[in-house]
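Asks: Provided herewith is a single structure, encoded as structure tokens, for subsequent inquiry.
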Amino acid sequence: MSSILKSLKLYSIFFCKCPRCHKGDLFTVKNPYKLKTLDVMPKRCPVCNADFVREAGFYYGAMMMSHALTTIIAVIVHFTVFYFWGWEIAPHLIFLLSIIIGLFPVNFRIARAIWINLFVSYDPKISKDANH
Ligand SMILES: [Zn+2]
């Protein structure tokens, strides 16, 4: 992958990488659908030693990000279902619930990645120094 693409915050968010070096993983287990380890994060980046738990309760703010993401997903699902079925309530409920519940683990992790990316910026020098 090109280095310009890797330097984008979106790269760190969608691949759940350290916001500072974009190399270390934010979560210990990569698969978000292993629910027992969904929220398990190392305290520090294994590559650049950036602090992932900046203060007690740091990730409470990620709930707002999760809410925003869920709203965006709900609006997209609503308009898609409306296009095919109009105002039928059953397809709306079925698609909304299954998609929002089905995407919950991904939503949860991306919300945390967005949250930490608001406070930590990419540092190309640190990323270059890390030999991974
Ligand atoms: Zn790092």
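Coordinate-derived values only; no laboratory data. Note that this is a predicted model, so its numbers are computed, not measured. Cβ sites come from the backbone with ideal geometry, for glycine too, and all protein chains shown count toward neighbours.
Asks: Cβ contacts < 7 Å: first residue more than 17 Å from Phe108 (Cβ to Cβ) and acidic (Asp, Glu), restricted to the stretch 36-55; second residue more than 10 Å from the ligand (Cβ to nearest atom) and in a loop (DSSP other than H, G, I, E, B), any location; separation 6+ or different chain. Result?
Replies: Close Cβ pairs (under 7 Å, with a partner that is more than 10 Å from the ligand (Cβ to nearest atom) and in a loop (DSSP other than H, G, I, E, B)) do not exist here.
Asks: Now, a different point. Within the set of pairs 6 or more residues apart or between chains, which connect a residue that is over 17 Å from Leu69 (Cα atoms) and away from the ligand (no atom under 14 Å from the Cβ) inside the stretch 4-21 to a residue that is hydroxyl-bearing (Ser, Thr, Tyr) and part of a helix (DSSP H, G or I) with Cβ atoms less than 7 Å apart?
Replies: If the second residue must be hydroxyl-bearing (Ser, Thr, Tyr) and part of a helix (DSSP H, G or I), the pairs left are Leu5/Tyr11.
Asks: Okay, next question. Residues Ala68, Ala50: which one is closer than 18 Å to Leu118 by Cβ and within 13 Å of the ligand (Cβ to nearest atom)?
Replies: Residue meeting the stated conditions: Ala50.
Asks: Failed condition for Lys30, given (1) surrounded by 13 or more Cβ atoms within 10 Å (Cβ to Cβ); (2) of a type outside the set (A, V, I, L, M, F, W, C); (3) within 16 Å of the ligand (Cβ to nearest atom), with all others met?
Replies: So Lys30 meets the others, but not (1).
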